[in-house]
Amino acid sequence: MTIEEGDAVLARCEGNTFEGVLMPSTTGTTVVKLKNGYNMGFKPDNVTLELIGKKSDMTGAKVALPGPNPDLPNISILSTGGTIASKVDYRTGAVTSQFTAEDILLAIPELTTIANYHARVCYSILSENMRPEYWVKLAEEVYNEIKAGADGVIITHGTDTMMYTAAAIAFMIETPVPIVFVGSQRSADRPSSDNAMNAICAAKVATSDIAEVTLVMHGTTSDDHCLIHRGTKVRKMHTSRRDAFQSINSRPLGRVEYPSGEITTYLEHARRGERELSINTNIEPRCTLVKYTPGASPEALLFASANYKGIVLEGTGLGHVSTEWIPFIERTIEAGIPVIVTSQCISGRVCDRVYDTGRDILKAGAVEGEDMLPEVALVKLMWALGQTSDIDEVWKLMTTDMAGEITRSSRTWGVYS
Ligand code: GLU
């Protein structure tokens, strides 16, 4: 029988035997995906392949899924792409989305004991390709699902920019039910994949009493618990670790034990049914984040003010830039463009009343971004400028806690995991 891409094979090379799946190759090498998820390339002359299973035999069987259980809550899963939504297509080698509800439940059958699911693919993109206008469309989809009766919404998302989208949805939607963002650092075909555990913990939070926008991901490098982070207080702090997400300037909202699914909360939170569903997606996407570095030319501000309607400054320490920048900040604000000061320290609160350079920034008309993460301040500024162009009103919105993004108590400053 001929061996085709997607078939299970034994590859023999120089006295060693490797078991895996024959992959497509564009380089002339013979590529086998090993059971540990890694691809191994062989010179075609140097390897012999033995067929151990046809692809059609391996994928042909249909597993019967249980029908909806009227005693379980109804959860909507909205997929936007990223690693959690990808699988390798052995015919083409492409990494593709596979997100019908049936696909998800076949891959993670434990989910069927937690809820009934309705799934929709909103986007199939890597999250670096997310855009503010996509947040708007996603917010509308979330709103429609909740309006149609969903008891909770799970949004699957690439991890790179998941916290921006979570913050955007938190500013755009008042929700009576949980809205949970989840992703995965390692894809489903890797033995260390975190996608099943993260999805199960996300389903637990989506069916819980935590009626807020949260982000649920591994809490440690082990498969023991996930953390529940508030969508406006979280950052991806590591490029590849499974516990990459940490709450900043706040404790995590809670944790989910795995596999028991038991939830413990650490913070006060909105409860199911407490808030009326509402949506406000007006935004001004022409806002930017400018990072100050020693010696950086203040002309960066000239460019920003010529091209954007609002600027978040990522200053040093308590929220500083060099003296040279001050007149440029003044001119920017005189031109009606708000400037919000955040800190590249990440942890802690901006306080521009301590040093001269800080006092000068305030005199120039900039506003302190409190203990907001710079990226959250950016998303919020887009939203605030979508509500009003009156600069005083923008200042008011930016210094008022709207969705848990500003913590008043200094006891909570820091990085938490
Ligand atoms: N960079 C991609 C993304 O954010 C893949 C990484 C991931 O999903 O974690 O969508």
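Taken together, the values in this text are just the output of simple stated rules run on the coordinates, not laboratory data. Only a predicted model underlies this, so the values are computations on that prediction, with no experimental measurement involved. For neighbour counting, all protein chains shown are included, and Cβ atoms are generated from backbone atoms with ideal geometry for every residue, glycine included.
Classify the chain as rounded, prolate or oblate from the Cα gyration tensor: take a ≥ b ≥ c as the square roots of its eigenvalues, call it rounded if a/c is under 1.5, otherwise prolate when a/b beats b/c and oblate if not. It is prolate, given that a/c is not under 1.5 and a/b is the larger ratio.
Applying 1/(1 + (r/R0)^6) with R0 = 30 Å to the Cβ-Cβ distance of Thr100 and Arg131 gives a FRET efficiency near 0.75. When the square roots of the Cα gyration tensor eigenvalues are ordered a ≥ b ≥ c, the ratio a/c for segment 196-276 is 1.5 or more and a/b does not exceed b/c, which makes its shape oblate. If Rh is defined by the Kirkwood formula over all Cα pairs and Rg also comes from Cα, what ratio Rg/Rh do you get for segment 176-331? Value, to two decimals: 1.10. Only one residue of Ala377, Ile337, Gly358 has its Cα farthest out toward the positive end of the dipole of segment 269-417, where Lys and Arg carry +1 and Asp and Glu -1 on Cβ, and that residue is Ala377. In terms of the Cα gyration tensor, with a ≥ b ≥ c the square roots of its eigenvalues, is segment 263-417 rounded because a/c is under 1.5, prolate because a/b exceeds b/c, or oblate? It comes out oblate by the Cα gyration axes. Protection proxy ranking, highest mean first, for peptides 42-51, 205-214: 205-214, 42-51, where packing is the per-residue count of other beta-carbon atoms within 10 Å, averaged. Between Leu51 and Asp209, the contour length at 0.36 nm per residue exceeds the Cα-Cα span by 51.7 nm.
Computed extension gain for Gln344 through Asp401, at 0.36 nm per residue and net of the alpha carbon distance, reaches 18.5 nm. Of all DSSP bridge pairs formed entirely within segment 219-337, close to 70 percent run antiparallel. Placing unit charges on the Cβ atoms of the charged side chains and taking the dipole of the chain about its Cα centre, the candidate lying farthest along the positive direction among Ser305, Ser79, Gly261 is Gly261.
In terms of its Cα atoms, segment 321-384 spans 26, 26, 15 Å along the principal axes, sorted from long to short. Listed peptides 359-372, 66-79, 232-245 appear in the order 359-372, 232-245, 66-79 once ranked by packing, highest mean of other Cβ atoms within 10 Å at the front. Cβ crowding within 10 Å, taken as a proxy for footprinting-reagent exposure, orders Cys351, Cys226 from fewest neighbours to most as Cys351, Cys226. A straight chain from Asn144 to Arg286 at 0.36 nm per residue would run longer than the Cα-Cα distance by 48.5 nm. With R₀ fixed at 25 Å, the C-beta to C-beta distance from Arg12 to Asp223 puts the FRET efficiency at about 0.15.
Which of Lys33/Lys54; Lys363/Lys396; Lys147/Lys396; Lys291/Lys380; Lys236/Lys380 have a Cα-Cα distance over 23 Å? Beyond 23 Å: Lys147/Lys396.
Considering only Asn198, Asn116, Asn144, the mean-square fluctuation computed in a Gaussian network model of the chain, springs between alpha carbons under 10 angstrom, is largest for Asn144. Model label sites at Arg120 and Ser25, defined 7 Å from Cα along the beta-carbon direction, differ in position by 4.4 nm. Only the Cβ atoms of Lys and Arg (+1) and of Asp and Glu (-1) were treated as charged; on that basis the dipole of the chain about its Cα centre amounts to roughly 340 debye.
Taking every DSSP beta bridge that has both ends in the chain, the antiparallel portion is near 55%. Highest mean packing comes first when the peptides 250-261, 389-400 are listed by Cβ atoms within 10 Å, giving 250-261, 389-400. By the Cβ rule of 4.7 Å, the chain holds the following cysteines without a possible disulfide partner: Cys13, Cys122, Cys287, Cys345, Cys351.
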